[in-house]
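Taking it in order: structure first as structure tokens, then the write-up.
The values are calculated or read from the model by the stated rules, or taken from the named source; none is laboratory data. None of the values given here were measured: they were computed from a predicted structure. When we count neighbours, we look across all protein chains shown, and the Cβ atoms used for this are built from the backbone with ideal geometry, even at glycine.
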Amino acid sequence: MARALELHPDRLFPAEPATRAIARALYAEVAALPIVSPHGHTDPTWFADNANWTDATSLLLAPDHYLYRMLYSQGVDLDALAIPRLSGTPATDPRAAWKLFADHYTLFRGTPSRLWLDHVFADVFGIEVALEASTADRYFDIIGEKLASDAFRPRALFDRFGIEFLATTEGAHDDLAAHKRIRQSGWSGRVVTTYRPDGVIDVEHEAFKPAMARFAELTGEDVYDWKGYLAAHRKRRADFRAAGATATDHGHPTAATANLSGVEAEALFAKVTRGDWTPADAELFRAQMLTEMAAMSVEDGMVMQIHPGSSRNHNAGLFASHGRDKGADIPTRTDYVHALKPLLDRFGTSTRLSIILF
């Protein structure tokens, strides 16, 4: 007989009774308030198309590298989980992938992933039994049936969850077509974008060259000239603000900033765009561009969100076969005090600059 899926109402509160009582009272004050989500990575095409998701694997498993990084660490083949390769998506039956996930669900005991998923299963899909090998098919069928209904389309869930504001994140070379379709649809949900220029700043990124080409196409600027490059950023920031953006997002390897002279910055830019840069040059260019982005935030009022310190694609073999964002990123020690000083020396007293550090 399948075990019941039981979620304790105090599961996120402190264990000490008196403190837990305070936490309960505080939560009761905010539980019914709308959700305001100023930073996130949901796909805006969900809300532009408002199409039904198809199955549990494609919605909950295949896109979530926090799940399959655990399974991969325990020897589970990513192809068997329907995780796309650079060469294409393996021909894996979604039900079989879900059953494999269920077979290994005990690996997630005590993790935030398990905490969140059990909440989704119980409170969103109304499932009353725990996920395990014997209930995998039941889960797959229940979730699939509900996802096929109008009540589980993206906009319906947006309203059901009480979301008041949701920010997505797009690159400087994104045309924002999905956000345009959302606005043109007449739907009342507020979904805005966030300016993420990393793709046209990080010369060590394997897609830097095509991103720059698209950047030039979208802005009409000579992005291989220093002044034209900065002008292109200003144009794109204006485009993003027109699509509702209030913030920028920067995920550099470190929090390093620099305050080069105009001549020095232009010479560095010429070097990195010629392609004869060193890793030190790439780091210095990222550092200078954080300061340039701060300068633009002083001009246009966009909040800077900086979340450095992740060593990306640590697993070279996985990166070669599956590409980026496949669960192979590792946190590193991050210095903010010294790293941000050049930026703050220049703009730290400006009343128009707001920075959020992750």
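The residue of region 319-358 that is farthest from Ala256 (Cα to Cα), among those that are at pLDDT below 95 and part of a helix (DSSP H, G or I), is Ser321. Inspection of region 289-299 identifies at least one residue that is buried (at least 21 other Cβ atoms within 10 Å of the Cβ), farther than 14 Å from Leu340 by Cα, without any contact (Cβ under 8 Å) to a residue 60 or more places away in the chain and outside the structural domain of Ala82 (by TED's automatic domain parsing).
Any residue at all in region 300-309 that is in a loop (DSSP other than H, G, I, E, B), touching a residue at least 24 places away in the same chain (Cβ under 8 Å) and among the charged types (D, E, K, R)? Scanning region 300-309, I find no residue that is in a loop (DSSP other than H, G, I, E, B), touching a residue at least 24 places away in the same chain (Cβ under 8 Å) and among the charged types (D, E, K, R), so the answer is no.
Would you be able to say whether some residue in region 80-88 is of a type outside the set (Gly, Ala, Ser), touching a helix residue (DSSP H, G or I) at 6+ places or on another chain (Cβ under 9 Å), crowded, with 17+ Cβ neighbours inside 10 Å and modelled with pLDDT under 95? Among the residues of region 80-88, at least one is of a type outside the set (Gly, Ala, Ser), touching a helix residue (DSSP H, G or I) at 6+ places or on another chain (Cβ under 9 Å), crowded, with 17+ Cβ neighbours inside 10 Å and modelled with pLDDT under 95, which makes the answer yes.
The C-beta contact set for region 56-73 (first residue at pLDDT 95 or above, second residue of a type in the set (Val, Ile, Thr), distance under 7 angstrom, 6+ apart or interchain) comprises Ala56/Ile143. For Ser311, the conditions (1) touching a Ser or Thr at 6+ places or on another chain (Cβ under 9 Å); (2) of a type in the set (Gly, Ala, Ser); (3) surrounded by 13 or more Cβ atoms within 10 Å (Cβ to Cβ) all hold with the exception of (3).
Every residue, every condition in (1) touching a Phe, Trp or Tyr at 6+ places or on another chain (Cβ under 6 Å); (2) surrounded by fewer than 18 Cβ atoms within 10 Å (Cβ to Cβ); (3) part of a helix (DSSP H, G or I); (4) outside the structural domain of Arg237 (by TED's automatic domain parsing), yes or no:
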{"residue": "Phe121", "(1), (2), (3), (4)": "no, no, yes, yes"}
{"residue": "Ile127", "(1), (2), (3), (4)": "yes, no, no, yes"}
{"residue": "Leu131", "(1), (2), (3), (4)": "yes, no, no, yes"}
{"residue": "Asp137", "(1), (2), (3), (4)": "no, yes, yes, yes"}
{"residue": "Ile143", "(1), (2), (3), (4)": "yes, no, yes, yes"}
{"residue": "Phe165", "(1), (2), (3), (4)": "no, yes, no, no"}
{"residue": "Gln184", "(1), (2), (3), (4)": "no, yes, yes, no"}
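Here Glu264 meets the list (1) in a helix (DSSP H, G or I); (2) over 23 Å from the mean Cα position of the chain (by Cα); (3) surrounded by 15 or more Cβ atoms within 10 Å (Cβ to Cβ); (4) not aliphatic (A, V, I, L, M) almost entirely, failing just condition (3).
Restricting attention to region 1-33, the residues that are touching a residue at least 24 places away in the same chain (Cβ under 8 Å) and in contact with a Phe, Trp or Tyr (Cβ under 8 Å, 6 or more places away or on another chain) total 1.
Among residues that are assigned to a helix (DSSP H, G or I) and either of a type in the set (Phe, Trp, Tyr) or assigned by TED's automatic domain parsing to the domain that holds Trp187 (or both), Trp53 is not included. Of the residues Glu283, Glu292, the single one that is of a type in the set (Asp, Glu) and touching a helix residue (DSSP H, G or I) at 6+ places or on another chain (Cβ under 7 Å) is Glu292. Apart from one condition, Val223 fits all of (1) assigned to a helix (DSSP H, G or I); (2) more than 22 Å from the chain's Cα centre (by Cα); (3) under 15 Å from His173 (Cα atoms); (4) of a type in the set (A, V, I, L, M); the exception is (1). Filter region 195-220 down to the residues that are among the β-branched types (Val, Ile, Thr) and either part of a loop (DSSP other than H, G, I, E, B) or more than 20 Å from Ala287 (Cα to Cα) (or both) and list them by number. The answer is Ile201, Val203, Thr219. Here is the figure for region 66-119: residues that are in a helix (DSSP H, G or I), under 20 Å from Arg324 (Cβ atoms) and hydrophobic (A, V, I, L, M, F, W, C) total 5.
Among the residues making up region 43-58, those that are out of contact with any Gly (no Cβ under 7 Å at 6 or more places or on another chain), hydrophobic (A, V, I, L, M, F, W, C) and buried (at least 18 other Cβ atoms within 10 Å of the Cβ) are Trp46, Ala48, Trp53.
When Thr169, Thr193, Thr219, Thr273 are checked against the criterion of being surrounded by 19 or more Cβ atoms within 10 Å (Cβ to Cβ) and without any contact (Cβ under 8 Å) to a residue 60 or more places away in the chain, Thr219 stands alone in meeting it.
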